[in-house]
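Engineer: Input: one structure, supplied below.
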Amino acid sequence: MAKTSSRFFLLLMSAMLLAACKPHVPAQIAQGPAPASVSLPTPATVAGNASSNLAYFDNSGRNDVDSGGARRIEISTPKGKFSVWTKRVGNNPRIKVLILHGGPGVTHEAYEAFDSYFPGAGIEYYYYDQLGSFYSDQPHDASLWDTDRFVDEVEQVRAALKLDKDNFYLYGHSWGGILAIEYALKHQDHLKGLVISNMMSSIPAYNEYARSTLMPQLDPKVLAEIQGFEARHDTTNPRYDQLLMQNFYTQHLLRRPQEQWPEPVLRAFSHLNREVYVPMQGPSELGASGKLEHWDRSKDLAKITVPTLVIGARYDTMDPEHMRWMSTQLPHARYLYCANGSHLALYDDQKTYVEGLIGFLKDVDAGRF
């Protein structure tokens, strides 16, 4: 891989700061009913839905038809006004999912696998690039890379899209999970449901998991070389990127050889903005050392009372046991465990991940949760 491309892989996703596999709801933590059985749509069922439920494809009254659902939303910040990019897919007055990407500073592109499943399930969803990400404005002002400011941005986007407690589901993956937790703590009165995907509620706990569990799995010589680059502040060195990709990322970010990573993931990481990622996350996914280093909301989880799905995976950079524990602290939560997945379980444990996610959305909508 070329030097430039490999650097983008280094700065992947934050705490990114994206047995056979099956939804996992242990009896001792099942605070909501087990998910109803959900079958992934086949081409035949998608075609049937399209012909029998044209309402999903009805764009009447929409002002985003000419752009295929895409629009830019103006947001106000302490440093002036900027615009962020969003794109709507589908029409469902009861289920509207706003997707918060990881990073910080990656893009919505890493989640394009949803295009293969959400339309067939009749789910309306919104891609969204946060300020600083590729499709949105990218100001060069480090003071804007602040968690509270991002929360305010999400609220402005929600209001512009006219999402509310009768239909608004907030999905956050990795860094997006941090943002989703913070948003829920401040604005849960607007939420119908919440999804925290592959994100722990504590960065100190994440760093401890990296030190105690993930680092010992690396060859000691490889780990020493990685830590040497970090100690010398030489983390843009291509060798540093190569070591992480070959020995860590293909084991814990997406469990496939690098050359087999899905095209949307490659595209998303090629667009990563390191001006946002590095100050907040640090130089790699092997722990966090940026502004988020001391972030911890574990003691506040009980304040989030909306229906919540927590997703964890066996090979994740995040501790799956901690994420299971999170589901016991949230008053109205379910845990989805991807036994063959990693940080991007949406890809390497896709069937389990998508079935569990769609099942949650449908259960909340039907009042079964």
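Engineer: So what is the 222 nm mean residue ellipticity for the chain from helices alone, if each DSSP H run of at least 4 adds -39500 (n - 2.57) and you divide by all residues, rounding to the nearest 500 deg cm²/dmol?
Structural biologist: Helix contribution divided over all residues of the chain: -9500 deg cm²/dmol.
Engineer: Another question, then. Hey, what D do you get for the range 185-316 in µm²/s if you plug the Kirkwood alpha-carbon radius into Stokes-Einstein at 25 °C and 0.890 mPa s?
Structural biologist: The calculation lands on 146 µm²/s.
Engineer: Further question on the same structure: Per residue of the range 57-64, what does 6.51 cos²θ - 1.76 cosθ + 1.60 with θ = phi - 60° give for ³J(HN,Hα)? Whole Hz please, x for Gly and Pro, Karplus curve as stated.
Structural biologist: My calculation for the range 57-64 gives 9, 7, 9, 4, x, 7, 9, 10 Hz in order.
Engineer: Give me a comma-separated list of calculated 3J(HN,Hα) values for the range 83-92, in order, Karplus coefficients 6.51, -1.76, 1.60 applied at θ = phi - 60°, integers in Hz, x for any Gly or Pro.
Structural biologist: After applying 6.51 cos²θ - 1.76 cosθ + 1.60, I find 10, 10, 9, 9, 8, 8, 10, x, 8, 8 Hz.
Engineer: Going down the table (K221/K299; K87/K291; K291/K362; K79/K186), which pairs top 32 Å between alpha carbons?
Structural biologist: K221/K299; K291/K362
Engineer: If you take mean projected area of the Cα convex hull in nm² from the coordinates, which of [x] 25.0; [y] 17.8; [z] 38.2 do you get?
Structural biologist: [y]
Engineer: Here's a follow-up. Within the set of other residues whose C-beta is less than 12 Å from the C-beta of W145, count the net charge using Lys and Arg as +1 and Asp and Glu as -1. List each step's numbers first, then the result.
Structural biologist: Numbers: positive: K79, R149, R274, K291; negative: D141, D146, D148, E153, E275.
So the surrounding residues net to -1.
Engineer: Moving on. Search the structure for amide H atoms under 5 Å from the amide H of A333, placed 1.01 Å from N in the peptide plane, and list their residues when 5 or more places away or on another chain.
Structural biologist: Those lying under 5 Å, H to H, from A333 are Q31, G32, T308.
Engineer: Counting only residues 5 or more places away or on other chains, whose amide H sits under 5 Å from the amide H of E124 once H atoms are built in the peptide plane?
Structural biologist: Those qualifying (amide H under 5 Å, at least 5 residues apart or on another chain) are N92, I95, V97.
Engineer: Regarding the range 94-182, what is the average projected area of its C-alpha convex hull, in nm²?
Structural biologist: So the Cα hull casts an average projection of 5.7 nm².
Engineer: Also: Among 56-62, 298-304, what's the highest-first ranking by average C-beta atoms within 10 angstrom per residue?
Structural biologist: 298-304, 56-62
Engineer: Nearest 5 is fine: what % of DSSP beta bridges in the chain come out antiparallel, could you say? List each step's numbers first, then the result.
Structural biologist: Numbers: 14 of 37 bridges.
Around 40 percent of the beta bridges assigned by DSSP in the chain are antiparallel ones.
Engineer: Hey, another quick one. By how many nm would the segment from R211 to R149 lengthen if fully extended, with 0.36 nm per residue of separation less the alpha-carbon distance? Please list the in-between numbers first.
Structural biologist: Working: separation 62, 0.36 × 62 = 22.32 nm, distance 3.03 nm.
Result for the pair: 19.3 nm of gain on full extension.
Engineer: Let me ask you something else. Through the Karplus equation 6.51 cos²θ - 1.76 cosθ + 1.60, θ set to phi - 60°, convert the phi angles of the range 108-117 into ³J(HN,Hα) values in whole Hz; use x for Gly and Pro.
Structural biologist: Each residue of the range 108-117 in turn: 5, 4, 5, 10, 5, 4, 4, 4, 7, 10 Hz.
Engineer: Something else about it: Scan around T77 for amide H atoms under 5 Å from its own, H built in the peptide plane at 1.01 Å from N, and keep only partners 5 or more places away or cross-chain.
Structural biologist: Amide H neighbours of T77: F82.
Engineer: Find out how many positive minus negative residues lie around L223, taking Lys and Arg as positive, Asp and Glu as negative, among other residues whose Cβ is under 13 Å from that of L223.
Structural biologist: Summing Lys/Arg as +1 and Asp/Glu as -1 gives -1.
Engineer: Looking at the square roots a ≥ b ≥ c of the eigenvalues of the Cα gyration tensor of the range 149-229, which shape do they give, rounded for a/c under 1.5, prolate if a/b is larger than b/c, or oblate?
Structural biologist: Prolate, since a/c reaches 1.5 and a/b exceeds b/c.
Only the coordinates and a few stated rules stand behind these numbers; no lab work does. Worth saying up front: this structure is predicted, and the values here are computed from it rather than measured. Note that we place each Cβ from the backbone using ideal geometry, even for glycine, and neighbour counts take in every protein chain shown.
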